[in-house]
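Beneath this line is the structure, given in structure tokens, with notes to follow.
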Amino acid sequence: MGSLKNEEEADQILEESKEAILYVNGVRRVLPDGLAHLTLLEYLRDIGLTGTKLGCGEGGCGACTVMVSHYDRDFKKCVHYAINACLAPLYSVEGMHVITVEGLGSYKHGLHPIQESLARAHGSQCGFCTPGFVMSMYALLRSSRTPPSEEQIEECLAGNLCRCTGYRPILDAFRVFAKTDDKLYTGVSSASLQEGESVCPSTGKPCSCKSNNANDVDKDRKCIPSEDRHKPTSYSEIDGSKYTEKELIFPPELLLRKLNYLNLTGFGGLKWYRPLKLKHLLDLKAKYPDAKLLVGNTEVGIEMRFKRMQYQVLISVMHVPELNALNVNHEGLEIGGAVRLSDLLTFFRKVITKRAAHETSSCKAFIEQLKWFAGTQIRNVASVGGNICTASPISDLNPLWMAAGAKFQIIDYKGNIRTIMAEKFFLDYRKVDLANGMRVHLQEHSENWVVVDASIIYGGVAPLSLSATKTKEFLIGKIWDQDLLQNALKVLQKDILLKEEAPGGMVEFRKSLTLSFFFKFFLWVSHQMEGEKYFKECVPLSHLSAVQSVHRPPGTGSQDYEIMKHGTAVGSPEVHLSSRLQVTGEAEYADDSQFPPNGLHAALVLSRKPHARILSIDDSGAKSSPGFVGIFLAKDVPAGNKIGPVVTDEELFAEEYVTCVGQVIGVVVADTHENAKLAARKVHVEYEELPAILTIQDAINAKSFHPNSERCLRKGDVDHCFQSGQCDKIIEAEVQIGGQEHFYLEPHSSLVWTVDGGNEVHMISSTQAPQKHQKYVSVVLGLPMSKVVCKTKRIGGGFGGKETRSAFIAAAAAVPSYLLNRPVKIVLDRDTDMMITGQRHSFLGKYKVGFTNEGRVLALDLEIHNNAGNSMDLSLAILERAIFHSDNVYEIPNMRIVGRVCFTNFPSHTAFRGFGGPQGMLIAENWIQRIAVELKKNPEEIREKNFQGEGSVLHYGQQLQHCTLAQIWNELKLSCNFVKAREEVDLFNGQNRWIKRGIAMVPTKFGISFTTKLMNQAGALVHVYTDGTVLVTHGGVEMGQGLHTKVAQIAASAFNIPLSSVFISDTSTDKVPNASPTAASASSDMYGAAVLDACEKIKARMEPIASQRIFNSFSELASACYAERIDLSAHGFYITPDIGFDWRIGKGIPFRYFTYGAAFAEVEIDTLTGDFHTREANIVLDLGYSLNPAIDVGQIEGAFIQGLGWVALEELKWGDGAHKWIPPGCLYTCGPGTYKIPSVNDVPLKFNVSLLKGHPNVKAIHSSKAVGEPPFFLASSVFFAIKDAIRAARAEMGRNEWFPLDNPATPERIRMACIDEFTSPFIKSDFRPKLSV
């Protein structure tokens, strides 16, 4: 490329261009005027680059990650970094080079080593998040002058979410890029080189040039360093030579081109300016006083998209030199308002290496704080000034600016500059996460150290960052000792006040944190001062861990399984069939389908009240909205308005009453997605509000239950057992179980169109149940099912959330499509998706348990209720499974379980991985743990005493056969060395007061089958072609779980052909009719058996020909059969045998077999803040002879991490009695900004998975077992390990009694359960943080 001597030379070479341009994947594109309203993501998808995905629209999930490059004229170098395309305004990347996943590699022309590595390491399941991960890693490699460390790799992925894999295989795939194995790029293995030699990046041949200058790394990063501790394994030997294309270079035109002043427009009169000088900016601000200044658009973008704020003038200030200053001078650091946070972080790190330690304490505090802010993509664009001036997701810096004594320079449009102390700057602040900034200045005085100055700042305790001024005044002049600490804590309590129903809730938690943080600060200062003359305040060794900053080392893991091959493919750890398409972004999802030229976009008109009568609907505003085409209400539905998967108790469009916030009232169609949403918002509905039921307890009090939804199972005589004196002890308690959002990365989407003049309707949908879409649309339009076709290629995650709740969305879009005879696409925004499509059911369980002094359980009386929401959906079946699993793995002679389905004014809750089973088992493990406390024994001892075994008869009459629970438990106990782990944890807890560790071992038993008998059937269609290839279609949906891969393996083994000869077509209702939803973990069993049935039929027809002579290939045999006019197509069918249950008598065999497992977990908690991390997780699962052990291990890890979210991280907050600061019936946690699913930082530091060996399952295909749901509950081992750690903390205060802990065990719940002197001023001993149930 060459470098330019100066900017004048650039001017001579290329005159300033007036047109706005952008390079995308090396292709020059001119950006016309009028697109200021578009994001980069919308533009990319509009030009056909659909590899970049829309996951959340708020920069929280990373699915839209791309890399941008621009030439930095100050440093004379190209800069590469990852950004969220969903937030970046299109014109903000003008003059830059954008590289998307399509710019790296492709299925046809070869994969980039990053893509190849991820595909082979099983790092892509549903594949929707995969392009984002690829681009984050690519940007790291392109921007690193030296190979990144493992920590840097993990850090660069912190802004990317995955709901399927559990992250471990992704980290393993990318870890190879922290090695020096040059084979990745050259095909020469480092193992074959002589000592001192390496592979030359230029020639690809061994040489010793690198040994002369270790730092001279080729700028395109062709050499990847290696560490011996990562032994090459089958999944990380990436042959980069398959990839022949070179990296895309930075376009020379952009090197030579000067930046332009931009003055562009967008939809609705929007104006976009890009000034290049401070004077231009001030002139624009004078002309447009209400203009919004942008750098990264991380806050304004969210305000415009989600808070519906309309700004008419946007000014991009990222290229104003004065706002990008980063200087060190005699007064301190000078930081421009437009400096990006990632640049600030780099700057602070540089300053620390060059200045004395006492000068840089504030810099260190900023570095520590910035590490936890958002993801890399946000830090790469968010600015210092934007962070200061708005309540962005990362404005926890404000308390630090205040504590550091920062001064802000503010300029007005006339050029007048005023300086103001940070402490006095903040007038309004809307963030509620607690952060703090503290500083003291100590001086030695009369052999004591005295406070001469102090600053104590808190964020998140008021509408603004708050200075604890009374505490500051108290501290000044005092000696730094224990008396100061105790008295300062008393002053602080009165200094920081929070109202009972303060926005954000968690009032007691936030109050206690103000004291905890000050105590931590006191310890930290005392520790820093140790060794100073006359300093007497020593920190006890047991307190030191409270002040050490958290360092997360790179994780490690193992996957232990045996390969039991059957034929050519079954049993082999093959990679996901479409993984290579997924890593290149070429795999198509519903929203990627080619949009027809006359297509329309739909948006739903939703209720804003939890319970109300509709008085009137005024659509005049919508009709005058730009791009509007039509609005359709209940009166416009062609046929039936009543729908429902089991009971038809739902309306497609609400007619007279609404029974939840988010209920669909109608649908609007317009020319664009944004115009449709705008028009839908303009529909004005008048309501008469009615009383709403917003909790399970409200429903119980009001007897608000869904009709015919009570269930009861009995075994033995519970009442007699309690009364007869057999039980030495009887305990009673209540368990609250929180819900969980599915958070599939791909939102609900459907494209519906008519065929043959409206005689038929076809659709492509993101659903687990195409047949339900077919049925709903048939009912709503009045068409026979034979004229409605639903196709699904793959979906970007489902987890049960797309089993029934996707169908009404497709049906709503079908109405305008059918009536207007035009294609209609509907894609839900993430916040709408979370609000209206239902979640995992919250449960309320009340138990009474009788047991002996030895710990043997004799009787269980259990009453459970689930929160169904405003329609039945699948809630009764979910309650039934919860009842079936309420024993978990325990032998209980006397049982009575009564369950009811509660009607509440929330959107209907629905299926979610485990389908009620985890809730039932969690209640069981709660009372097991309670018995252990009562008897002063380990919970594991109580568990073992009560295990079921071979021949045990369950409370619903089924007898256990082939029970492997004992083998699994013993293997796990041995592998984690439980006795030693217990001793080590107790020793650690004895030596550390404020950091505690806990361990737990938890078993599970999960029944495999749909509990509704008629759903246990499956069909498949198999075609053999004359070239020897096989096409398979079946009724199951590929959603990342590897169903198609396993089915293809079964077909390949059946015909004894290579796996590559089998292709699985999309799931379609016109190929296989009446298919059950892909759910209940049973799909591999059922569809695998149906495909095998079809294959066997074809093989039987081929046999007479095959027996005549030896054929050289399968294609030769197929051609011979064709010549003999033998039918090479067959339909296969399978029904699950020997199952059935009768609720009238409460007896039967609901399950074909059980999948058993157990997990061990060790956690560490910070008792002062409630923070925790999982140090270790070991899992053992019995999967018989696995069809594909690599895919099964991926399912186990993904389920475990998703379960970890349910038990410890993910809290749904609804507007109910517990959260009065949220509008009634509304969901507050409706995006990644407020709802936290596990990220790469939540993976256990040691994560080991083992499959039980030598136990084939005689009751399923090829001796395998189902895997999707069973491992989910094993994450409760983390929950009970947390509880074990809390128990150790409470013991420090002499509190050894049992205590309740609801899930999720969030920092609030952990902190408030660790009762100490910092919580006692605010809560009573029976305090229980509020939970939406």
### Query
For residue 1023 and residue 636, what does the FRET efficiency come to when R0 = 25 Å and r is the distance between their Cβ atoms, rounded to the nearest 0.05?
0.05
### Summary
Gyration tensor on Cα atoms of region 900-939, a ≥ b ≥ c root eigenvalues, a/c under 1.5 rounded, else prolate if a/b beats b/c, else oblate, says prolate
### Task
Please give the residues of region 1173-1201, grouped as numeric ranges, whose backbone N is less than 20 Å from a label point set 7 Å along the Cα-to-Cβ vector of residue 562.
1179-1194
### Query
If 389, 721, 1230 are ordered by their accessible area, calculated over protein heavy atoms with a 1.4 Å probe, which sequence runs from highest to lowest?
389, 1230, 721
#### Entry: Distance from region 940-983 to region 582-628 (C-alpha centre basis), Å
51
### From phi via Karplus (6.51, -1.76, 1.60), per-residue ³J(HN,Hα) for region 747-752 in Hz, x at Gly/Pro
x, 4, 8, 8, 10, 10
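Ignoring any ligand, DNA or RNA, what whole percent of the accessible area of the chain comes from carbon and sulfur when the probe is 1.4 angstrom? Present the calculation step by step, with values, prior to reporting the outcome.
Numbers: 25420 of 49760 Å².
Here carbon and sulfur together make up 51 percent of the probe-accessible area.
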### Task
Determine which aspartates and glutamates satisfy two conditions relative to residue 1265: a Cα distance under 20 Å, and not lying fewer than 8 residues away in the same chain.
560, 562, 574, 950, 971, 1038, 1085, 1093, 1138, 1182, 1192, 1197
### Message
Stokes-Einstein diffusion coefficient for region 1029-1183 at 25 °C in a medium of 0.890 mPa s, Rh from the Kirkwood formula over Cα pairs: what value in µm²/s?
### Response
128
### Query
Per the helix-only calculation at 222 nm, which mean residue ellipticity applies to the chain, given -39500 (n - 2.57) for every DSSP H run of n ≥ 4 and division by its residues, nearest 500 deg cm²/dmol?
-8500 deg cm²/dmol
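Do any trypsin sites (Lys or Arg not before Pro) in region 1056-1114 lie in a DSSP loop with no more than 14 other beta carbon atoms within 10 Å, and if so, which?
Loop-located and lightly packed - 1109.
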### Message
Can you give me the long-range amide H partners of residue 651? Hydrogens built in the peptide plane at 1.01 Å from N, cutoff under 5 Å, separation of 5 or more residues or another chain.
### Response
643
### Task
May I have the count of lysine pairs in region 337-421 with C-alpha atoms under 27 Å apart, counting pairs 8 or more residues apart or located on different chains?
8
## Note on the structure
Applying the gyration tensor rule to the Cα atoms of the chain (axes a ≥ b ≥ c; rounded if a/c under 1.5, else prolate if a/b exceeds b/c, else oblate), the class is rounded
### Task
Would you kindly derive the ³J(HN,Hα) couplings of region 569-584 from the backbone phi angles with the Karplus curve 6.51 cos²θ - 1.76 cosθ + 1.60 (θ = phi - 60°), listing them in order in whole Hz, with x for Gly and Pro?
9, 4, x, 8, x, 6, 6, 3, 4, 9, 4, 5, 6, 6, 6, 9
### Task
Tell me which residues come under 5 Å, amide H to amide H, from residue 705 once H is placed; ignore anything under 5 positions away on its chain.
903
### Equivalent ellipsoid semi-axes, region 18-154, via Cα gyration tensor eigenvalues times 5, rooted, Å
24, 19, 14
#### Entry: Surface accessible to a 1.4 Å probe, per residue, for the residues of the chain, Å²
37
### Message
Given Cα positions, please report Rg to Rh for region 888-960, the hydrodynamic radius being the Kirkwood one.
### Response
1.05
### Query
Once amide H atoms are built 1.01 Å from N in the peptide plane, which residues 5 or more positions from residue 657, or in another chain, come under 5 Å H to H?
614
### Rounded to 5, percent antiparallel among DSSP beta bridges of the chain
80
### Message
Classify region 1096-1177 from the C-alpha gyration tensor, please: rounded if a/c falls under 1.5, else prolate or oblate depending on whether a/b exceeds b/c.
### Response
oblate
### Query
In this model, which of 787/825; 846/1246; 973/1259; 494/533; 793/1099 are farther than 24 Å apart at the alpha-carbon?
846/1246; 973/1259; 494/533; 793/1099
### Relative contact order (percent, whole number), region 1174-1261, Cα cutoff 8 Å, 6+ residue spacing
51
### Task
Project the alpha carbons of region 778-916 onto their principal axes and report the range along each, largest first, in whole Å.
72, 29, 28
### ³J(HN,Hα), Karplus 6.51/-1.76/1.60, whole Hz, each residue of region 693-698, x for Gly, Pro
9, 10, 9, 4, 5, 4
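The values are calculated or read from the model by the stated rules, or taken from the named source; none is laboratory data. For clarity, every value in this text was computed on a predicted model and none was experimentally measured. Glycine also receives a Cβ, built like all others from the backbone with ideal geometry; neighbour counts cover every protein chain displayed. Ligands, DNA and RNA are stripped out before the accessible areas are found, and what is left, the full protein with its side chains, is counted by its heavy atoms. Shrake-Rupley method; radii C 1.70, N 1.55, O 1.52, S 1.80 Å.
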